[in-house]
Amino acid sequence: MAKRIIGVCYGAVKDDYQALIKERAEALGFEAKFLASDEFASPIPEGWLEDCEVVFGNIPVSRLPEAKNLKWLQTSSAGVAQYCAPGALPESIMLTNASGGYGVGISEYMVAQMLALLKRFPEYMENQCNRVWRRQGMVGAVTGLKVTVVGLGDIGGAFAYRAHLLGARVTGVKRTLSPKPDYIERLFTTDQLDEALKDADLVALALPGIKDTAGLLNRERIFALKQGCYIINVGRGDVLDEQALVEALNSGYLGGAGLDVFVKEPLPEDSPLWTAKNAILTPHVSGGTTFALTVQTIIEIFIENLEAYAADKPFKRTVNRELGY
């Protein structure tokens with residue numbers, strides 16, 4: 001009988017986690033092979049995918065035809081838009097993602113960005129670089145801050161909860177209505193976005209990269225925000241109009257922005273975002289493999305799903321390919 005092979009190409013799986021996955025896989029009748037590196041997704045050699053029944057990690061779409069025996073793909077990312085595009089992944093292959101693995105790490109990053117912007121850290125860091133001893137004036141506080149969180153999945157919901165605990169008045173925006181959590185004062189659907197944005201002191205974007213979210217925070221909406229408003233984006237770069245954002249920052253219309261995602265990554269050296277006023281930029285590191293608890297949780301999600309797969313039971317959650325998440 002041919003061996004049932006699990007291919008692990010999630011770069012964060014190091015020695016201890018390899019041993020754990022190997023032990024669980026063997027107990028369930030599988031053989032696990034690993035591609036470990038320091039990258040989020042490990043480079044995949046030619047021929048490596050051919051015998052994999054299961055893959056844990058993100059395969060480049062262009063390499064999917066090589067996975068001739070693939071029955072289930074468990075991504076190490078929450079976003080899976082590339083696999084939901086028509087023709088990218090055969091319908092016969094089951095698709096699950098790592099939703100639920102990123103809420104703690106990325107929401108803490110968002111809290112850090114919020115506090116840094118409110119306390120004018122970009123300006124003080126610039127002063128430090130220039131050896132300038134100067135007070136920058138009044139600062140903001142989270143207490144009483146009107147925060148609108150657009151996207152209330154694992155990440156946005158976790159940030160909304162933490163902002164509430166710090167004293168913010170939180171408005172949430174999601175695709176469809178559901179019972180309102182206690183930590184959210186007002187809940188809107190995406191088609192009510194303008195109403196949800198109009199009195200916000202800070203807008204936090206935690207949206208998946210699907211066609212319905214591209215350009216959602218366009219030029220018109222950026223300049224309709226309250227003057228002095230802050231923006232944080234950890235979802236996908238194409239959710240907002242970067243050029244309009246630069247103009248709003250440099251003119252002083254907006255108070256600042258914290259960005260971890262961009263339309264083009266790596267961010268081009270000539271992008272005006274690099275020098276935009278009161279912008280804090282990070283290279284898509286709010287999630288990824290930089291936070292140990294995130295890595296641990298993603299591996300736990302995979303193992304739990306593997307146990308269901310081996311028992312021919314349904315996964316707790318599969319990707320809705322029509323929605324893209």
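Before moving on, here are some points about what is shown:
- Test for VAL173: is it aliphatic (A, V, I, L, M), farther than 14 Å from CYS229 by Cα and touching a strand residue (DSSP E or B) at 6+ places or on another chain (Cβ under 6 Å): yes
- In the range 250-274, the residues that are outside any loop (DSSP other than H, G, I, E, B) and surrounded by fewer than 22 Cβ atoms within 10 Å (Cβ to Cβ): ASN250, PRO272, LEU273, TRP274
- Among (1) touching a Lys or Arg at 6+ places or on another chain (Cβ under 8 Å); (2) assigned to a helix (DSSP H, G or I); (3) not assigned by TED's automatic domain parsing to the domain that holds ALA200 - the single one GLY324 does not satisfy: (2)
- Cβ-Cβ contacts under 9 Å between residues 6 or more apart (or on different chains), taken from a first residue in the range 261-282 that is over 17 Å from ALA204 (Cα atoms) and not assigned by TED's automatic domain parsing to the domain that holds ASP238 to a second residue that is modelled with pLDDT of 95 or more and surrounded by 15 or more Cβ atoms within 10 Å (Cβ to Cβ), are absent.
- Residue in the range 228-246 that is aromatic (Phe, Trp, Tyr), surrounded by 15 or more Cβ atoms within 10 Å (Cβ to Cβ) and either in contact with a Cys (Cβ under 6 Å, 6 or more places away or on another chain) or more than 20 Å from PRO283 (Cα to Cα) (or both) present: no
- Residues of the range 153-176 satisfying the condition of being under 21 Å from LEU217 (Cβ atoms) and among the hydrophobic types (A, V, I, L, M, F, W, C): ILE155, ALA158, PHE159, ALA160, ALA163, ALA168, VAL170, VAL173
- The C-beta contact set for the range 106-127 (first residue of a type in the set (Ser, Thr, Tyr) and at pLDDT 95 or above, second residue surrounded by fewer than 18 Cβ atoms within 10 Å (Cβ to Cβ) and not in a helix (DSSP H, G or I), distance under 7 angstrom, 6+ apart or interchain) comprises TYR124/GLN136.
- The listed residue being loosely packed, with under 15 Cβ neighbours inside 10 Å, farther than 25 Å from ARG317 by Cα and either without any contact (Cβ under 8 Å) to a residue 24 or more places away in the chain or of a type outside the set (Gly, Ala, Ser) (or both), out of LYS14, LYS68: LYS14
- Hits in the range 180-222 - residues which are touching a Gly at 6+ places or on another chain (Cβ under 6 Å) and either among the acidic types (Asp, Glu) or over 22 Å from ARG321 (Cβ atoms) (or both): ILE184, LEU187, LEU205
- Strands (runs of 3 or more DSSP E) lying entirely in the range 141-211 (those with 3 or more residues that are out of contact with any Phe, Trp or Tyr (no Cβ under 8 Å at 6 or more places or on another chain), touching a residue at least 40 places away in the same chain (Cβ under 8 Å) and surrounded by 21 or more Cβ atoms within 10 Å (Cβ to Cβ)): 146-150
Conditions tested, residue by residue: (1) polar (S, T, N, Q); (2) out of contact with any Pro (no Cβ under 8 Å at 6 or more places or on another chain); (3) not assigned by TED's automatic domain parsing to the domain that holds GLY151.
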residue	(1), (2), (3)
ALA25	no, yes, yes
GLU46	no, yes, yes
ASN58	yes, yes, yes
ALA78	no, no, yes
ILE93	no, yes, yes
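- Matching entry among VAL80, VAL54 (being more than 21 Å from the chain's Cα centre (by Cα), buried (at least 20 other Cβ atoms within 10 Å of the Cβ) and in contact (Cβ under 8 Å) with a residue 40 or more places away in the chain): VAL54
- Enumerated helices (runs of 4 or more DSSP H) restricted to the range 22-135, each holding at least 3 residues that are hydroxyl-bearing (Ser, Thr, Tyr): none
The values are calculated or read from the model by the stated rules, or taken from the named source; none is laboratory data. For clarity, every value in this text was computed on a predicted model and none was experimentally measured. With ideal geometry, Cβ positions are generated from the backbone for all residues, glycine too; neighbour counts draw on all protein chains shown.
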